[in-house]
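Taken together, the values in this text are just the output of simple stated rules run on the coordinates, not laboratory data. This structure is a prediction, so every number in the text was calculated from the model and none was measured. Cβ coordinates were reconstructed from backbone atoms using ideal geometry, including for glycine residues, and neighbour counts include every protein chain displayed.
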Amino acid sequence: MVKKLFALASVTALAGIVSAVGAAGCSETVVEDSPTDAGSPDTGAKKDAAPPDEEPEPDPTCLTKDPVDMSGEPYKTALKSPGACTSDEQTTLTAYFKAKVDANEDVKVSEWSKEVSDDCAKCIFSDGTGDTWGPIITKDDKIDTVNQGGCYEIATGKESCGRAFQQYTACRIDACLVDCKTQEEFTACIQDQDAIYQGPCSATITAVQKECGNNLQGALTACKNTAWTFDAPIKSQCVTGGGQADAGDGG
């Protein structure tokens, strides 16, 4: 499904979280507003109030109103295979994916994986049935999900952190896929960041805070993506092997 692929792979479609270190040294997670969102606190823009004799327009979002239960969302230990891919191979993979997306063509994993060596492809692509997960989980020759949690697991040294972050990224998609019927509805829903994370996905934010703890700040830096959500996972799992983030002080 194209709309799911875009949400999975596009950094611009992914709402970020910022770990702010408090005075006591503990991490606090907040939602980062997109600079393109109209009416965000950063811009100071406000919607005009409805005239007294008119009812406010109903909220058009198709975001589910019920909490999304992520407890059953699958996750497996991150595969770590440093040196399986070169930086040049990662660049080649990214260029191939971008060209396909720009041309509005399907991205078939069987063709995409041929752009790199066998060892590199084996590290990156996984069908999810093994004991470990690579950066990209596939199904029916397509991307099924991007294992962003793997990078966070490697960066913090905690599988529970990787699992929590993976559930956090999956929740926003599920929260919009339930009731959104068109691409336009889905796109508007995904961009409604405050509503997603203060509503149906609030529990996933709490879980990331709890499981990643003081390591979250370093992991956010280590796992920051550039153009696509698989950038950091590929680098962490298959190119450099990643490294643990500094836990810092405090509780």
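Among 122-134, 146-158, how do they line up by average Cβ neighbours within 10 Å per residue, starting with the highest? List each step's numbers first, then the result.
Working: 122-134: 17.7, 146-158: 27.2.
The densest-packed peptide leads the list: 146-158, 122-134.
When the Debye formula is applied to the Cα atoms of the stretch 81-123, each taken as the same point scatterer, what base-10 log of I(q)/I(0) results at q = 0.14, 0.17, 0.25 Å⁻¹?
Listed by q, the Debye log ratios stand at -0.31, -0.45, -0.84.
Note down the relative contact order for the stretch 138-228 as a percent, whole number, built from C-alpha pairs under 8 angstrom at least six residues apart. Working shown, then result.
Details: 79 pairs, mean separation 30.0, N = 91.
Value for the stretch 138-228: 33 percent.
Straight distance only, please: which lysines reach the Cα of K235 with their own Cα at less than 19 Å, same-chain residues fewer than 8 apart left out?
K76, K80, K98, K114, K122, K158, K224
Give me P(r) over the stretch 157-235, computed from all C-alpha to C-alpha distances, binned every 10 Å, as integer percentages.
Whole-percent P(r) values from 0 Å outward: 17, 42, 34, 7.
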